[in-house]
Every structure is written in structure tokens, then in C-alpha cells.
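Worksheet for the structure shown next.
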Amino acid sequence: MMRARTGGAVGAIGVIALALSVCPLAAGGRTPGRDQSTDLIVGRYSDLVYQFRTGSPSAAARALARWPDDDVRRALEVVARDLTLPVGLDALAHQATPDTRRQVAEDEARYGGPASKLRYLKGAIGLHTVTAAASWIEGQNTLVVAHTDFVRVRLLGLAFDRDAAYAASWCRVEGALLTGSVYFGPALKHYDICLKHAPRDPWLLLGRGSTLESAGTVIAGLPPGTMLADWSGPTRPGVLAKAAADDYARALAQTADLDEARIRLARLQLDRGDLDTAARNLTQALANHPPPVLAYWAHLFLGTDDERAGRFDAAVDHYRTDLALYPRGQTAAVALSHVLAEKLGDRPGGLAVLRAHIAPDAVGRVDDDPWQLYPGGQVWCASGWLDDLERRSRD
Amino acid sequence: VDVRLIAVLAFAAAAAAAPQAQAPQSVFHSGVDAVQVDVSVTHDGKPVAGLTAKDFEVSDNGVRQVVRFVDVASVPVDLLLDVDVSASVAGDRLASLKAACRAAIGALRPIDRAGVLSFSGQITEQVPMTASRDQVAAGLDALSGAGNTSLYEAVYAGLLLGTAAESRTLLLVFSDGQDTLSWLTPAAVLEAARHSAVVVYAVSTQPFARSRVQQLLESPDARPAPGHPGGGPLLSDFLYQVTTLSGGRLLAPDEPGLANRFVSIVEEFQNRYVLAYTPTGVSGSGWHTITVRVLRKGLDVRSRPGYWR
């Protein structure tokens, strides 16, 4: 089971610290690094951090690119020592599989710049501007998330102590990436910890809700006696669905125009047969003119809502609207084919729609069918965050 | 009538309408309300040959019917391979799957055709139904493994494509994973299976489900395990249900191997019996339960359990 963004997730995690470091911080100007040793390297790092925080990431990257590798390594060691991390970067990296190492290398190449220095740069900036995030993030890059809970707890606490808004934005992305990589268990722990610090953050609530919802769907299909790896949350799909719905509702209580939460909540309402409420929520979300992906979801769910209510012609209209939004949206095409062939008795029509969308030259990329983004649980808006991070990393 | 009507079968040609059970005929015709029933008869897993119409007893909603026999030797088979090429199949498994598909194609007769549907997160009609073995081989060569698993929708697509065919259609589904993506529900696809005359055979390699598959095979009346609210049935349950509804079978691949398994499915299908009858003494629309019995003892009989009209 893989997610559309999974491939990018590993690498994207690596750029988070970089992007966070260029986000506006509460405190402006130069901030002394945590390390107060006499090692001169710390001062040079502080300069870099200052450049990043004052909006010159490219200049900082260029500066670091000129550093000798030994200086980069030494600087990171100093900072890591100061943070007394229980798990060092090298130890984490040592656990990486060959596939993971290759993925990391590909991602680093993709994001450009001297590979090792860029990685250290991200780590170092993260260390100085937020917390010891760098090691954690590098740990993520080695896909050993499950082994770093202690580090996660410690570092997240530090992050929120320093700058809650800054930390929350980081946590949203991290949670989405964990969920999108099908690490539902670690994602849930992550969100739980983050929400202790920011209990009303609508994006975190949305993220945890989508994690619970997706985990519930997967768990529902597991044979008795089996469970998701690293999962410590509820195990009954109904309980998970309710918990997800509660999170969506709480997110909407904070931000009523959070359309994604409203649409996801409606899908759960649809699942439990509350057709009228689901339709109201979906219609309300569409009235806000959400982005096309969310509109596609809403029409898909409205179509199903209509089908279940016996309004087959209305369902056809919704599926056709989806196909107008995404002409290669195979899920809407299959749904349309099904309602035509099985509900309206138009098998030739259903077959024609199906054939038109499953021919080799008609099958698009995963992104061409927004439904494919839904079941993995990664909130859709995270794509925008990631795109933004990637763009910044290239600047 | 929602099952395929005999009147539209390509092979339908004139034959004497028999007032009673009779020996196999290569051709026949009937009224538009005629119903075709594809029946598998096995003994110890091996197809049983040599039965005549007199050996069968068919009831429609409990009313015994006069059946006619179709000589399947003259009826083309459309084999639609519906194969899972999600990420979990990549590598050696995919190579093994391709070899099995080629073996299945090799078991077809010259009059038969084949097509290939592949599915992962998306469904692709890799090779539309064709008599060209080269075209099918090229389509198989092009398969690669990646992505999620839209099993339910892939089965739906196979059923709909197969229903459009004018031959006997064997939908051979291969999957090794749990559905992770389908928007269509299992119930919706099972409903489509009830409306289709396509016979579905499936091979599931899902390791953790094998014991469950075995349990279902040993106790055909067992219901799918409860306790899956909010989600679909287990993959094996779904495949068991859809194969049973169509009169086909769900099989594990390991004995005697995937290629042999595929070939045995094709051979079993080729050796099935096709019975036809014009419903008599029954009326009304809706679900009609078909009961097929073989008068000889000790034989395993499989056919679709009914049809919609």
C-alpha cells in the first residue's frame, strides 16, 4: 500500500527544516546559538542561521557550499553534543537500508546543491532555529521513525516551548508525511503529542482525523488477529470513524471554512447513512468554491449520496461534473459507468464510459484522479505545503 | 432478463427446441427469455466429462425446468485476464504472473480469444479481447508493477467488459493484496456479479488470508466473518463471494504452481457444461434462484446461484 506522495515524502521531510528556517520567526535578528563553546565553527553557523532567518537562504546555501566538509561535520557534532541526543545521526543513518540510502541520495540530488552539505545545512539550520530537529529529520530520512519516539517527544516539546506557531506548522507537514507514508501508528503518536501543545490547531486536528479515518479503513480490511504495525490507537473501525469525525468537527469549530475537514466529515456521515447531513456539508463546501481536488471529492461523495437515495440521474450529473474537472479521473468514470449500467440499465452507456477511461492511452497519472489522494490519509492541503517547501529549497 | 440471453449469443443458431432433456447439441435456439447456466462438475477437483442433459436437474425458483444442452466445444471462450500489478507484485512475482498468463493463453483453443485487464491504483485495458496471441503476449510484456490495489473496481470492469462479449466469458482474477483504493464497494460489485453471466475464477496469493480461504472452501456455507463494520469484507471473502456468485471458484496458487493453476482453470472452464432453458412455470421480475443438481452422486457441482430478470 503506497501513497501518491510517498516517494516524495522521504525527500520532502528533508527539506522541512530548511523551509521552516526561512519562515518568519517570532524573534527577529540574530539569536545566539545554543552552543556557547569556544569552537569557532559555531559562530560561522550562527551567521548562516542569521542569513536564513533574515530571508537569504540562497546566500546561506552558497556560503555553506564553500565550507570544507570537515567544518560542516564538526559544526553539526558540536550542536548535536549540546543537545545530548540519545540517538545520534550516525546511528540512525546506520540503520538505513540500501533502498533508503538510494532514495535519500535521489532526493538530495533532486533538491540540488552539494548533497552532503545541503543535508547538513538543513540539519544545522533546524538545530539552531527550532530545536534539535535536524537529527530527527535526518532520522526520518532513514525511515527509522518507529525507533525514535523518545527523540520525537523530547524535540517536539522543545519546539513548542520555543515557538508554538512555528512548531505547529512543522508538525502539520510531518504528520501529513507520516500518514502519507502509511506510518499510521507513528503519525497518530505524532499528532497526539503535537495536539497536547496546540490542542485547537485546526490543521493538526484535520491531520489526525484523516489519519484515524484512513487507519480505520485499513484496519477494517484486516483479518482477525492482525493489526497495523506500531498502532496504539483504537482498533474498532467504528470507534476510529467516530474519533475522526470528532476531530473534523473540532477543526471546523475553529475554522468553519476548512473545506477539506467538512468534506471528509461528510464522507463519514455518508458511510453511516446520514445522507441529508452529508449532502448539506458537501453542498456547503462546494459553495465555498474549493480547489478542484476538493470539489472532485465533494461531487464524488454527492453522487454516492444521490445513488443511495435513489436519485440516479442526479448522481450521473455529479460524476459527469467530476469528469469535467478531471477528464482522466478514473474513479468518477467507474462510478458513472456503474450507475449507468447497474442502476439505470444502460449497459452500453456504462461500458462506453468505462472503456473510454481504461484504454492505455486514457489512463493518466495518479494525480489525474484525485480520489487516489484520499484513502492514504494525507491531507490534500499538504501537497501545497510540500510544493512550497520544494520550491523554497530550490531558491 | 439480466443474465445474458441465449438469443444474443453469437453461436446461437437454429436447433430443434427439445420438449425434454436431450443429448448435447452443437447449436440451439430459443426465445428471448431463455436462460443459460454455466455448470462446473468435478470429482476430486478434476472435471467430469461425459455427462448428458439427462444427468442434470435444474430448478428455477423451485420449479423444475426442461433443459437443453449446449455443446461447448463449438462455443468460443473469451478469457479475460484481470491481473493485479500493484507494487506488491513487482519483481519476481510479476514475472511469475506473466508466465502464468502466457500458459493460460497457451491452453486456449484456436477459436478462443483473450484479453488483459491490469489493475493497481488504476485499471488499464491492456489488451482488448482479441484472437491474436501475439497481441496478448505484447500486452503481457508491457505490464509493470506499481501502486495501490483497486481490486473491487477491477472486478467490476471485468464483469462489465465480459458481459458485453458474445461468447462464454471466463474472468480470471489474480490478486495478492487487499483492496486499498476502490470507491465502489464490495456490495456494489457483488450486485453487478449477480447481473452478469460472466464466470469468475480467482487466484489469491494473500498469504495471511489463506487459512480463511481454506476455511471457506471447506465450509462453503460459512458466512464471511462478521466484525468488519465500516469496511469491506476481507479480500478472500470478497473473492470467494464473487466467484461463488458467478459459479466459479476461488483458488490458492501454491499447489501446483501459478502457471499450472491458471492452465487448470482454463481447462476446467472448457470442460464445463452449458445448460439452457426457457423459464416455465415461474413469473415475476427480480431474483430467480437456480438450483442445479447432478443425478450422479459424489460430484461437486458449481453454477451461478441465480439471475435477475
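The values are calculated or read from the model by the stated rules, or taken from the named source; none is laboratory data. Values in this document were obtained by computation on a predicted structure and should not be read as measured data. Neighbour counts are summed over all protein chains in view; Cβ atoms, including those assigned to glycine, are modelled from backbone coordinates with ideal geometry. The area values use the complete protein model at the heavy-atom level, side chains included, leaving out ligands, DNA and RNA. Shrake-Rupley method; radii C 1.70, N 1.55, O 1.52, S 1.80 Å.
A few comments on the model shown:
- From the options B:S175, B:S182, residue that is more than 11 Å from chain A (Cβ to nearest Cβ) and closer than 30 Å to B:W287 by Cβ: B:S175
- Among the candidates A:A332, A:A285, the residue that is within 22 Å of the chain's Cα centre (by Cα), at pLDDT 95 or above and more than 30 Å from B:R309 (Cβ to Cβ) is uniquely A:A285.
- For the range B:123-160, the set of residues classified as open to solvent by 40 Å² or more (accessible area, probe 1.4 Å), within 9 Å of chain A (Cβ to nearest Cβ) and either modelled with pLDDT of 95 or more or touching a helix residue (DSSP H, G or I) at 6+ places or on another chain (Cβ under 9 Å) (or both) consists of B:Q126, B:P128, B:A146, listed by residue number.
- One residue from B:V77, B:V37, B:V72, B:V89 being out of contact with any Cys (no Cβ under 8 Å at 6 or more places or on another chain), within 20 Å of B:G257 (Cβ to Cβ) and open to solvent by less than 40 Å² (accessible area, probe 1.4 Å): B:V89
- Residue, surrounded by the fewest Cβ atoms within 10 Å (Cβ to Cβ), within the range B:271-282, restricted to residues that are under 16 Å from the mean Cα position of the chain (by Cα) and at pLDDT 90 or above: B:V274
- The range B:283-309 - residue that is under 24 Å from B:K46 (Cβ atoms), open to solvent by less than 70 Å² (accessible area, probe 1.4 Å) and out of contact with any Ser or Thr (no Cβ under 8 Å at 6 or more places or on another chain) and, of those, modelled with the highest pLDDT: B:V294
Conditions (1) surrounded by 24 or more Cβ atoms within 10 Å (Cβ to Cβ); (2) within 14 Å of chain B (Cβ to nearest Cβ); (3) in contact with a Leu (Cβ under 7 Å, 6 or more places away or on another chain), marked per residue:
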position: A:L177; (1), (2), (3): yes, no, no
position: A:P199; (1), (2), (3): no, no, no
position: A:L206; (1), (2), (3): yes, no, yes
position: A:A220; (1), (2), (3): no, yes, no
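- Helices (runs of 4 or more DSSP H) enclosed by the range A:201-303 - at least 3 residues per element that are under 28 Å from A:S337 (Cβ atoms) and out of contact with any Gly (no Cβ under 8 Å at 6 or more places or on another chain): A:259-271, A:275-287
- Residue that is modelled with the lowest pLDDT, among those in the range A:288-308 that are under 25 Å from the mean Cα position of the chain (by Cα) and under 18 Å from A:V334 (Cα atoms): A:V293
- Residue count, the range A:341-373 (criterion: surrounded by 17 or more Cβ atoms within 10 Å (Cβ to Cβ) and part of a helix (DSSP H, G or I)): 16
- In the set A:S214, A:S232, only one residue is hydroxyl-bearing (S, T, Y) and surrounded by 22 or more Cβ atoms within 10 Å (Cβ to Cβ); that residue is A:S214.
- Taken as a whole, the condition of being of a type in the set (G, A, S), surrounded by fewer than 20 Cβ atoms within 10 Å (Cβ to Cβ) and at pLDDT 95 or above does not apply to A:A241.
- Looking only at the range A:319-338, and only at residues there that are open to solvent by less than 10 Å² (accessible area, probe 1.4 Å), touching a Phe, Trp or Tyr at 6+ places or on another chain (Cβ under 7 Å) and more than 10 Å from chain B (Cβ to nearest Cβ), the one that is farthest from B:G158 (Cα to Cα): A:D322
- Qualifying position, being basic (K, R), under 21 Å from A:A176 (Cα atoms), open to solvent by 10 Å² or more (accessible area, probe 1.4 Å) and out of contact with any Leu (no Cβ under 6 Å at 6 or more places or on another chain), among A:R272, A:R250, A:R267, A:R280: A:R267
- Residues that are free of Cβ contacts under 8 Å to residues at least 40 places away in the same chain and either more than 23 Å from B:L181 (Cβ to Cβ) or open to solvent by 30 Å² or more (accessible area, probe 1.4 Å) (or both) within the range A:253-264 comprise A:A253, A:A256, A:D257, listed in sequence order.
- Scanning the range A:187-197 for residues that are surrounded by 22 or more Cβ atoms within 10 Å (Cβ to Cβ) and closer than 18 Å to A:Q254 by Cβ returns A:Y191, A:C194.
- Look at (1) open to solvent by 10 Å² or more (accessible area, probe 1.4 Å); (2) touching a strand residue (DSSP E or B) at 6+ places or on another chain (Cβ under 8 Å); (3) over 16 Å from B:A197 (Cα atoms); (4) at pLDDT 85 or above and you find that B:S96 fails only one, number (2).
- Qualifying residue in the range B:93-103 (condition: more than 29 Å from A:D361 (Cα to Cα) and more than 14 Å from chain A (Cβ to nearest Cβ)): no
- Apart from one condition, B:V116 fits all of (1) at the interface with another protein chain (Cβ under 9 Å from one of its Cβ atoms); (2) assigned to a strand (DSSP E or B); (3) crowded, with 20+ Cβ neighbours inside 10 Å; the exception is (1).
- Some residue of the range B:198-217 being within 13 Å of another protein chain (Cβ to nearest Cβ), under 17 Å from B:D78 (Cβ atoms) and either crowded, with 24+ Cβ neighbours inside 10 Å or at pLDDT below 75 (or both): yes
- For the range B:161-197, the set of residues classified as open to solvent by less than 10 Å² (accessible area, probe 1.4 Å) and closer than 13 Å to A:E342 by Cβ consists of B:V189, B:A192, B:A193, B:S196, listed by residue number.
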